[in-house]
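Just so it is clear, none of the values below were taken in a lab; they were calculated from the coordinates. It should be emphasised that the depicted structure is a prediction, and the values quoted were computed from it without experimental measurement. Virtual Cβ from ideal backbone geometry, glycine too; neighbours counted across all protein chains shown.
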Amino acid sequence: MQKSLDVKLAEIHADPSGSKAFIIADAKDADMAFGMGSAGVSPERHDGEVRFKTLADYRQQMREIVQQGVVDIMLMSTHTNDLLTIQERIFDNSHVTPAARANDTTDVHIARGGRTYQAPAMPFRSAALDHIQCGHLDCETGERHLGANLGLYSVTFNNDPERDLEVLQQFKLFREEAERKKFRYFLEVFDPNVANSVDPELLGAFINDLVARSLAGVARAGRPAFLKIVYHGPKAMEELVRYDPHLVVGVLGGSAGTTLDAFQLIHQAQKYGARVALFGRKINQAENQLAFIEFLRLITDGVISPDEAVRAYHAVLEKLGIRPHRTLDEDLTLKTGVMSYGGSGKTISAPPPEQPKPTPEATPSPPAAKAAESPAAQETAPVVAHSTLAAPNFAKMTSAEKLAYHRERLKRMFGG
């Protein structure tokens, strides 16, 4: 089956400034970072007791999200990729692309009581590309299609000449192996994991310059399919996108935060040029992951605003009888989101929601109208099976009417 990732990347490269294609990835590779807590906290616990979901729970959620078909990429550990992609073949009849984390630098080694992630990051790879592609070493040529053929490669620069040089050397070795084995990758560039490595005011510029520098000597055959970086605000995002329109930029989600944190982040990043969002904890810690993902897509399709989406999401939870983690008022608050795996170091907040400008009653709402009515949006919008709701004219609807429409739409999808 043709993968939506490939379709969207082709569309973006064909018209970098005009394409509205947006790629969403669910990053469920946390078992390469957090150990027992990878799958999140289990609802089956008593007050004061920390009880985690199991790896089986984690994988079942992946199966359901792939079946839902709203995300474009499912990022997994090599172990999970072996089970779901190679053995169970859950991606064969899905437009979702399987991917695996191809390295795990020491700043993602998070153990309870551990301090490794606080030390300057060092390169490390648990995964073998052959294991990702076919499940064992020394794949035959005809076997490499059996597993994932997309991986995440992560680098962390700490403004340290010796350590940063080693990061670049290991990245070079990885690229050469990947090119020989025709393995695609996307590049994750973390912020420094050591405090005071870079002037905070220059952090976005520091990352942008290192991205450009690290890839300048890489021919097209060895370049990443897209980037995954911290969102440092409009100026840094626009600068990077303008520098090379064919360097597809994606943002990472960081810590879970409030629902508005997640919805506002994806909205703002897209507005200023990002074409990919890779959310891990923001999705995994949601009360209902399928509904949460659905709203991410509605936001990137321009159908609903972030604050409207928070209210509608809470309405869905109420219909499903699910107790939200926070009250609606709390969930409509922007809080600082920590962007390092270990929960320390740099922090960054998504910009606050824009205040709508007053417009005449008869004036259409361009973003919602154009996104909802364009052929591209109709093609990529989430599909509600057996829905009998006719597509409304969003240009003539008030915010309240749009919210009511999507509440009814999601009620049909999730029941209640």
Practice task
Name the aspartates and glutamates eligible as straight-distance cross-link partners of Lys20: C-alpha to C-alpha under 13 Å, and not fewer than 8 places from it in the same chain.
Solution key: Glu11, Asp301, Glu373, Glu379
Problem - Largest to smallest principal axis extent of the C-alpha atoms in segment 25-115, angstrom - result: 42, 32, 22
Fill in the blank from the handout: Taking only the Cα positions of segment 71-152, the convex hull volume per residue in Å³ is 108 Å³
Practice task
Looking at segment 4-360, send over the antiparallel percent of its DSSP beta bridges, to the nearest 5.
Solution key: 10 percent
Problem - For Phe157, distant residues with modelled amide H under 5 Å away - result: Phe190
Handout entry: Set of segment 129-173 residues, backbone N closer than 12 Å to the point 7 Å along the Cα-Cβ line of Leu202
Key = 159
Exercise for the section: Could you state the orientation-averaged shadow area of the convex hull built on the Cα atoms of segment 4-360, in nm² to one decimal? Expected result: 19.0 nm²
Practice task
Kindly flag which residue pairs out of Lys282/Lys335; Lys3/Lys172; Lys3/Lys235; Lys28/Lys319 have an alpha-carbon separation exceeding 25 Å in this structure.
Solution key: Lys3/Lys172; Lys3/Lys235; Lys28/Lys319
Practice task
Arrange Val108, Val211 by Cβ neighbour counts within 10 Å, fewest through most, would you?
Solution key: Val211, Val108
Fill in the blank from the handout: Of 109-115, 315-321, ordering from highest average Cβ density within 10 Å down gives 315-321, 109-115
Practice task
Show me 24-35, 163-174 ranked by packing, highest mean number of other Cβ atoms within 10 Å first.
Solution key: 24-35, 163-174
Practice task
Would you give the gap between the C-alpha center of segment 238-297 and the C-alpha center of segment 81-137, rounded to a whole Å?
Solution key: 21 Å
Completion exercise
Total charge of the residues flanking Lys3 in space, meaning their Cβ is under 12 Å from its Cβ, with Lys and Arg +1 and Asp and Glu -1, is -1
Handout entry: Whole-Hz couplings from phi, Karplus 6.51/-1.76/1.60, listed for segment 249-257; x for Gly and Pro
Key = 9, x, 10, 8, x, x, 5, 4, x
Completion exercise
Most exposed first, judged by fewest Cβ atoms within 10 angstrom, Asp199, Asp329, Asp261, Asp160 run Asp329, Asp199, Asp160, Asp261
Completion exercise
In whole Hz, the Karplus estimates of ³J(HN,Hα) for segment 131-137 (6.51, -1.76, 1.60; θ = phi - 60°; x where Gly or Pro) are 4, 5, 7, 9, x, 7, 5
Exercise for the section: Quick one: order Glu188, Glu287 by neighbouring beta-carbon count within 10 Å, fewest to most. Expected result: Glu287, Glu188
Exercise for the section: Decide, for segment 65-108, between rounded, prolate and oblate: order the square roots of the alpha carbon gyration tensor eigenvalues as a ≥ b ≥ c, take rounded if a/c falls under 1.5, and otherwise choose prolate if a/b is larger than b/c, else oblate. Expected result: oblate
Fill in the blank from the handout: Applied in sequence order to segment 227-243, the curve 6.51 cos²θ - 1.76 cosθ + 1.60 (Karplus, θ = phi - 60°) yields integer Hz couplings, x standing for Gly and Pro, of 9, 9, 9, 5, 7, 9, x, x, 4, 5, 5, 4, 4, 5, 5, 5, 4
Fill in the blank from the handout: Residues whose built amide H sits under 5 Å from the amide H of Ile23, excluding neighbours closer than 5 in sequence, are Val276, Ala277
Completion exercise
Counting only residues 5 or more apart in sequence or on a different chain, those whose built amide H sits under 5 Å from that of Phe226 are Leu187
Handout entry: Candidate aspartates and glutamates - alpha carbon under 20 Å from Lys53, same-chain residues fewer than 8 apart omitted
Key = Asp26, Asp29, Asp31, Glu44, Glu64, Glu287
